[in-house]
Amino acid sequence: MKFKVDVVIPLYNCEKYIKETLESIEKQTLRPDTVIVVNDGSTDKSLEAVEEYSKNSKLRIKVINKSNGGLSSARNAGINASDADWIAFLDSDDVWEPEKLEKQVSLIDSSEFENIGLVYCNCFVFNDKTPDERKNFGIDKRFRGNVFPKMLKGNKITGSGSSVLIKRECFKQVGMFDEELSAYEDWDMWIRISERYSVDFVDKPLVGIRRHKGNMQGDTHRMNKNMRFFF
């Protein structure tokens with residue numbers, strides 16, 4: 001790689017899924033430099049699961065323990081702990097397809113757009129009961145380049161931070177994730193990045209978004225509350 005890539009995983013009470021998430025990083029055809037796991041005050045055995053996995057893993061795993069502050073707080077802690085040129089985010093219940101990072105890194109070098117700050121990809125949804133049944137998001141592959149005006153109308157870069165690879169420089173220019181938002185924090189960040197940088201897209205479903213009872217999207221009150229705050 002011409003540049004370093006780190007992965008930031010916010011971890012909160014996800015002992016059931018974190019091993020599978022880490023395995024999907026280990027299977028990458030282009031492995032990251034460091035996997036930064038931010039344990040955001042988990043009260044289950046999530047931390048123990050990560051420590052156990054680390055014993056026999058070829059990944060370089062760095063664990064940060066902090067009191068619970070929410071998703072944005074955990075992501076920000078991971079960003080601050082990274083010195084990589086690019087940072088990928090992966091939620092602790094999601095998974096990557098093996099070529100996820102390789103495809104995105106390759107696009108950074110070959111993109112027709114200048115000043116790339118964010119690369120994302122298509123995703124698929126799955127659940128525990130029928131893991132082999134996948135439903136692709138079907139993202140509009142024309143959503144590339146200067147997308148700032150369109151981002152103001154809706155979150156076009158999927159509903160998950162697990163698909164993005166972001167230039168670390170962006171956070172110095174536009175600021176960190178808003179810790180007052182407990183939902184839509186990703187959309188807020190994509191808007192700020194797209195105002196100053198170009199965006200590009202890998203048109204392949206390289207990220208698996210797991211749907212289960214604990215998903216934030218299932219908390220309608222929380223989502224609506226943050227939508228009002230966001231606007």
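Annotations
- Listed residue pairs exceeding 27 Å between alpha carbons, taken from Lys58/Lys100; Lys62/Lys153; Lys16/Lys141; Lys66/Lys103; Lys19/Lys150; Lys16/Lys156: Lys62/Lys153; Lys16/Lys141; Lys66/Lys103; Lys19/Lys150; Lys16/Lys156
- The simple Förster model, with R0 at 41 Å and r as the Cβ-Cβ distance, assigns Lys62 and Asn155 a FRET efficiency of 0.90.
- In this simple spin-label approximation, Glu114 and Leu30 carry label points 7 Å from Cα along the Cα→Cβ vector, and these lie 2.3 nm apart.
- Around the amide H of Val202, modelled in the peptide plane, lie the amide H atoms of Tyr120, Cys121, Asn122, all under 5 Å away and 5 or more residues distant in sequence or on another chain.
- Net charge, Asp109 excluded, C-beta distance under 14 Å - Lys, Arg +1, Asp, Glu -1: -2
- Ellipticity estimate at 222 nm from DSSP helix runs (n ≥ 4, -39,500 (n - 2.57)) divided over the chain, nearest 500: -9000 deg cm²/dmol
- With N the number of residues in the chain, Rg(Cα) / (2.2 N^0.38 Å) evaluates to 0.95.
- Apolar share of the accessible surface for the chain: 45 percent from carbon plus sulfur atoms, 1.4 Å probe.
- In the context of the full set of protein chains, the stretch 101-204 has a per residue accessible area of 49 Å² (1.4 Å probe).
The values are calculated or read from the model by the stated rules, or taken from the named source; none is laboratory data. As the structure is a prediction and not an experimental result, all values here were calculated from the model. As a convention, Cβ positions derive from the backbone with ideal geometry for all residues, glycine included, and neighbour counts pool all protein chains shown. Areas reflect the complete protein model, heavy atoms only, side chains present, ligands, DNA and RNA absent. Shrake-Rupley method; radii C 1.70, N 1.55, O 1.52, S 1.80 Å.
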